[in-house]
1. Might you check whether a residue that is assigned to a strand (DSSP E or B) and surrounded by 17 or more Cβ atoms within 10 Å (Cβ to Cβ) occurs anywhere in segment 475-482?
2. Can you tell me which of (1) within 30 Å of Val547 (Cα to Cα); (2) touching a residue at least 40 places away in the same chain (Cβ under 8 Å) is the one Phe480 doesn't meet?
3. Just for segment 249-269: of the residues that are of a type in the set (Asp, Glu) and out of contact with any Lys or Arg (no Cβ under 8 Å at 6 or more places or on another chain), which one is modelled with the lowest pLDDT?
4. If I ask for residues that are over 15 Å from Glu230 (Cβ atoms) and buried (at least 16 other Cβ atoms within 10 Å of the Cβ), which ones from segment 113-141 would you list?
5. Among Arg145, Arg128, Arg159, Arg154, which is outside any helix (DSSP H, G or I), over 29 Å from Leu501 (Cα atoms) and at pLDDT 80 or above?
6. Could you look through segment 166-178, keep only residues that are modelled with pLDDT under 80 and not polar (S, T, N, Q), and pick out the one that is surrounded by the fewest Cβ atoms within 10 Å (Cβ to Cβ)?
7. Find the residue count for segment 398-436, including only residues that are touching a residue at least 60 places away in the same chain (Cβ under 8 Å), part of a strand (DSSP E or B) and surrounded by 16 or more Cβ atoms within 10 Å (Cβ to Cβ).
Amino acid sequence: MTPFWVNRLGWTLLHFLWQGTLIAILYAIARRFLQRTKSPQPLYLLACVAMGAMLVAVAATYVGLGNQPAAVAIRVPAVAIHTAPFVQSPETQPFESVPTSVMPAWRETAMPLLVALWFAGAAILSLRLLFGWTTAVRLRSVFTRPAPREWQLRLDSLRSQFRVARPVKLCVSAAVQVPIVLGALRPVILIPAGAITGLPPEWIDALLAHELAHVSRYDYLVNIAQKVCEALLFYHPAVWWISGHIREEREHCCDDVAVRIPGDAILYARTLATLERERATPLTFALAANGGVLRPRIARLLGQTDPRPRDFPGSSFIAGIILMSFAAAGLWAQAGPRFDAATVKANHSGTGVDHIQIGGGSVTLQNVSLKRLIGMAHGVQEGRSYLFSGPDWLDFENFDVLAKYPADTPNAQVLQMLQRELEERFSLRLHRETKEFSAYALVLTKGGPKFHATARPGGAHRFSMQNGHAVGSAITMGMFGDRLSRPDFGLDRPVVDQTGLTGAYDVTFDWKPGEPDTPSASLFTAIQEQLGLRIEARKIPLEVLVVDHSERVPKEN
């Protein structure tokens, strides 16, 4: 049995395939228009909005799926549809052999595997993020020393120009090859050890202005949020594509600020070129507020076009189409089939007589309460009202449901059709939860059963009880437990089948009804002695179908 939260999370991850692709396509279109502007700030904000929209989409989907009847595999006995006298004919019993799960077996296995793989990937990237944080903490003290006082004063002077109220410490580090910013509340700027002596003062001012721009824009915090998004949504290429644009445009924004200090783009580009030439191996730190490749940044400052392609719209588009195709296939499988035609109308006859017939390509459900309809569709067998929770009015609002479907439709799909019809007509929101019940467990005695398999396999299910004499024909043990749970037997708690017996049986037993409030002693003894079954009081965890919301009036046909 797949837990509800696993299916909920799994479907959230699958839905994000098409959601992320759609957001990426809209982002690409908007980015194409904004690229006409010379400022990188609109492009940066657009990329951040797109990344934020991805997180919102995932969160909204997860919350929304919690209010919908997810396709959860619940292994409780199948629905037995019957009218008041509890008689069924073979032509009108399609659900007796139908599992309550509407989830294909392959998906029941695949969903936990999908969620486990996602957890593994997210855990690896989270560890990488944690390692980056510990590295950033160590960089503040390891191979690091305060910068000369005159350079700290120059930084403080620039800080006043940027109107940065927070104190910013300047340090020289042998562990970095380019200037970086660490921290948001107490930011530290680390510059390479050779930069102090190897670069002219005006060049260093430009570099410090670039890093102060990161501080003033709170890029460190944005970068952390960006890393979290990458760790959670790592499996979607669009996340990395947009994340790369965020880093690129962030550096461009800070470059534009830095250029204003010397007032010479060529001088600042020469500074970046010197840093690029002198560092042997590019080093990046997971939480540092830096990023982007220096070569395209230099080309942009000089008004040139970087000859190396950075975007692959054709490849991205093809990847998006493939992702959306897989997602569409999965969502189609989830949605399931529909009736060819169906009508749902309120029944105010008040006769108390219902009519239920399903088979041969048609569904006829007349004067049936909405609670019973939902129970039929979702595997809550009649007689197990304790496994159903919802508003009281569901018991008193009756409806007629008439539907047509192909005669060769498998029985399991008829359940799916009925589920979908009710969900759409009444705007149903359901979920399942496990509750512990004080119940009676129907178990075998040591001597085994004293009844036999039915002499009429596939025949009508019958059960009658009158004046201490009960006869059941072609009934399952689940049906027997449900029948014992009915008020006419006077038990104070439901009876749950735990015999492990499958198939249909014929049972007969007699007992002496006692007082209305204490009928169980004689009944329990008769069942044990005559049927070889024992009824024991136990605490039993059972899954309950909960109706969170339902409209009282169905949508028009």
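The values are calculated or read from the model by the stated rules, or taken from the named source; none is laboratory data. All of these numbers come straight from a predicted model, not from anything done at the bench. Virtual Cβ from ideal backbone geometry, glycine too; neighbours counted across all protein chains shown.
1. Yes; the residues of segment 475-482 include at least one that is assigned to a strand (DSSP E or B) and surrounded by 17 or more Cβ atoms within 10 Å (Cβ to Cβ).
2. It is condition (2) that Phe480 fails.
3. Asp264
4. Applying the first criterion (over 15 Å from Glu230 (Cβ atoms)) to segment 113-141 yields 113-117, 119-120, 134-141.
Scanning segment 113-141 gives Leu114, Val115, Thr135, Ala136, Leu139.
5. Details: Arg128 fails: outside any helix (DSSP H, G or I); Arg159 fails: outside any helix (DSSP H, G or I); Arg154 fails: outside any helix (DSSP H, G or I).
From the options Arg145, Arg128, Arg159, Arg154, the qualifying one is Arg145.
6. Within segment 166-178, the subset modelled with pLDDT under 80 is 174-178.
Then drop every residue that is not not polar (S, T, N, Q), which leaves 174-176, 178.
Working: Ala174: 13, Ala175: 15, Val176: 23, Val178: 21.
Selected residue: Ala174.
7. Qualifying residue count, segment 398-436: 7.
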